[in-house]
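Notes follow once the structure below has been shown.
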Amino acid sequence: MKAINEQMNPSTGYTRQVGFLTIVSGLLALLCLVLSGIALADHPDAFADPVQVLSIPNVSSSLLRWSMLADLMGYYLLLLPVIFWLHQWLKAQTPWAPLITFCATSYVLIGAIGAIILAVLTPTFLAEYTAASADGKATVQLIYKAVVEIVYGALWNTLEVLLAGAWLLFTGFFLTQFGRTFRWATLLLGMFSILDGLGEVLGLKTIAEVGLNGYLILAPIWAIWLGVVLWLSSRHSVSMTHRTELAI
């Protein structure tokens, strides 16, 4: 932790705030998994084929909506502060820092767009499907399938994960001061992301599922872990500053 503070020179308050927001990010990502798990507990096949959500009787559109909102904040938007915190770190390590950060912010933007699309449209499609006639249900299902393919197949599990993988792999390569275990966890998360994207591109569904599941589980843990590291490093810095003032 001392090494982190020696490498970086932002205020300890800023580092503490970034650490807190990153912890919240990880917790909200976990909440996303919990809410979707509760909503689809009796229909696990819907995780692999989200279109099945429409035909689940009495499925909670509210839980699904809040799950997507938690996804929006947890897996994406609340990572922005730590992305730019890490950018300051990377600038001192490599001239590729701007491109690495571009990959990270693009991942956040693309993922957030997908999450908000589903948060807004899924409850609407559920209501339309319930009220529709037999022919109408087929039409609603067809349109919703197109939305799901755009979000899951194109935005999330192809484009965003490849960008996330590039960000995490290059960042992990330079995270020499954060401890070997965390560094390898970062690299592993990056590899899971790449596996998901490559699996989708090459049509290798098993590989894509391994990558996706690894990413979904490890990403919240990684965020909480990093947030705790930053929070504790800021407290250590405050403690050292206080001791120096007392000595003076």
For the range 13-237, averaging the sequence separation of alpha carbon pairs under 8 Å that lie six or more residues apart and dividing by its residue count, the contact order in percent is 29
With the charge dipole of the chain built from beta-carbon charges (+1 for Lys and Arg, -1 for Asp and Glu) about the Cα centre, the Cα from G153, H87, I221 projecting farthest to the positive end belongs to H87
Treating every alpha carbon of the chain as one equal point scatterer without solvent, the Debye formula yields log10 I(q)/I(0) values at q = 0.15 Å⁻¹ of -1.01
Relative contact order of the range 65-188 (C-alpha contacts under 8 Å, at least 6 apart) in percent is 31
For S60, the accessible surface traced by a 1.4 Å probe with all protein chains present amounts, in square angstrom to the nearest 10, to 40
If R0 = 30 Å, then T181 and F47, at their Cβ-Cβ distance, give a FRET efficiency to the nearest 0.05 of 0.50
Taking 0.36 nm per residue of separation between A154 and Y14 and subtracting their Cα-Cα distance, the length gained on full extension comes to 46.8 nm
Note to self: C-alpha centroids of the range 134-169 and the range 18-96 sit apart, in Å, by 15
Taking Cα atoms, the helix 161-174 axis meets the longest principal axis of the chain at an angle in degrees (rounded to 10) of 20
CD proxy, 222 nm, the chain: helix-only mean residue ellipticity via -39,500 (n - 2.57) per DSSP H run with n ≥ 4, per residue, nearest 500, stands at -26500 deg cm²/dmol
Quick calc, the chain, dipole around Cα centre from Cβ unit charges on Lys, Arg (+) and Asp, Glu (-), nearest 20 debye, gives 920
Highest mean packing first, using Cβ neighbours within 10 angstrom, the peptides 208-216, 73-81 sort as 73-81, 208-216
Most fluctuating of A46, A29, A119 in the GNM of the chain (C-alpha, under 10 Å) is A46
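The values are calculated or read from the model by the stated rules, or taken from the named source; none is laboratory data. Since this is a predicted model, take the numbers as computed values, not measurements. A quick note on method: Cβ atoms are made from the backbone with ideal geometry, for glycine too, and the neighbour counts reach across all protein chains shown. For the accessible areas, the whole protein counts, side chains as well, though only heavy atoms, and no ligand, DNA or RNA atoms are used. Shrake-Rupley method; radii C 1.70, N 1.55, O 1.52, S 1.80 Å.
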